Amino acid sequence: MEPQTVRHGIAPVFDGRSRVLVLGTMPSPASREAGFYYAHPQNRFWKVLGALFGCPGPVGAQARRSFLLERGIAMWDVLGSCTIEGASDASIRDPKPNDLSRIARKADLAAVFTTGSKAAELYRRHSARMLPGVRHVPLPSTSAANARMRLADLVAAYRPLVEVLAACEEADRRRKA
């Protein structure tokens, strides 16, 4: 597959209730075609989130968007554009970051979770300074290419996301009391 310059074409998902931000690197060709995140049928991201919240993983862009917003989860990608071969994060060149401060201006973020080692590396190198004081938690990739991790292992690795959201809910309750 030939490298191509790709521009991020999917809008970020967030609102004023978002407390955590989940960042991938760049939408895969399947996600760009579907117009929403983690759309490749072999990617386990939505199964992981469903398991974490005790429900079936949502299907379809609108259901997934609602699922995220109802739970205080914002979603975007570290990069706004790059040169990439297919969906291979290892092939990324010329990375240009998204402006994450756009989300932080509206949402009171407690943590940023990056999905996969390349997303974590790119976030630390290009974007962490946009969100000063916001905790960063790197998570493993849910891609089928990360075959060494079973679904149960991914669910366990993603548990900190639910823990941060629960701590935020508790802090909000205490503030209101």
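Some notes on this structure:
- Residue within the range 108-122 that is outside any helix (DSSP H, G or I), over 20 Å from Ala157 (Cα atoms) and more than 14 Å from the chain's Cα centre (by Cα) present: yes
- Among the residues of the range 88-120, those that are within 23 Å of Ala30 (Cα to Cα), open to solvent by 40 Å² or more (accessible area, probe 1.4 Å) and out of contact with any helix residue (DSSP H, G or I) (no Cβ under 6 Å at 6 or more places or on another chain) comprise Ser88, Ala90, Arg93, Asp94, Lys96, Ser117, Lys118.
- Taking the range 1-29 as the range and being of a type in the set (A, V, I, L, M, F, W, C) and either loosely packed, with under 15 Cβ neighbours inside 10 Å or part of a loop (DSSP other than H, G, I, E, B) (or both) as the test, the residues that pass are Met1, Ile10, Ala11, Phe14, Met26.
- Any hit, the range 56-74, residues being under 19 Å from His136 (Cα atoms), at pLDDT 95 or above, more than 12 Å from the chain's Cα centre (by Cα) and buried (at least 21 other Cβ atoms within 10 Å of the Cβ): yes
- Restricting the range 123-177 to residues that are among the acidic types (Asp, Glu) and under 15 Å from Ala110 (Cα atoms) leaves a set whose member that is nearest to the chain's Cα centre (by Cα) is Glu163.
- Residue tally, condition open to solvent by 40 Å² or more (accessible area, probe 1.4 Å), assigned to a helix (DSSP H, G or I) and closer than 22 Å to Gly54 by Cα, over the range 123-177: 10
- Some residue of the range 37-51 being touching a residue at least 24 places away in the same chain (Cβ under 8 Å) and part of a strand (DSSP E or B): no
- Pairs meeting the criteria (first residue in the range 74-97 and in contact (Cβ under 8 Å) with a residue 40 or more places away in the chain, second residue of a type in the set (Lys, Arg), beta carbons under 6 Å, at least 6 apart or on different chains) are Gly80/Lys96; Ser81/Arg7; Ser81/Lys96; Thr83/Arg93; Asp89/Lys118.
The values are calculated or read from the model by the stated rules, or taken from the named source; none is laboratory data. Quick caveat: nothing in here was measured; it's all calculated off a predicted structure. Note that we place each Cβ from the backbone using ideal geometry, even for glycine, and neighbour counts take in every protein chain shown. Just the protein is used for accessible areas: all its heavy atoms, side chains included, with ligands, DNA and RNA removed. Shrake-Rupley method; radii C 1.70, N 1.55, O 1.52, S 1.80 Å.
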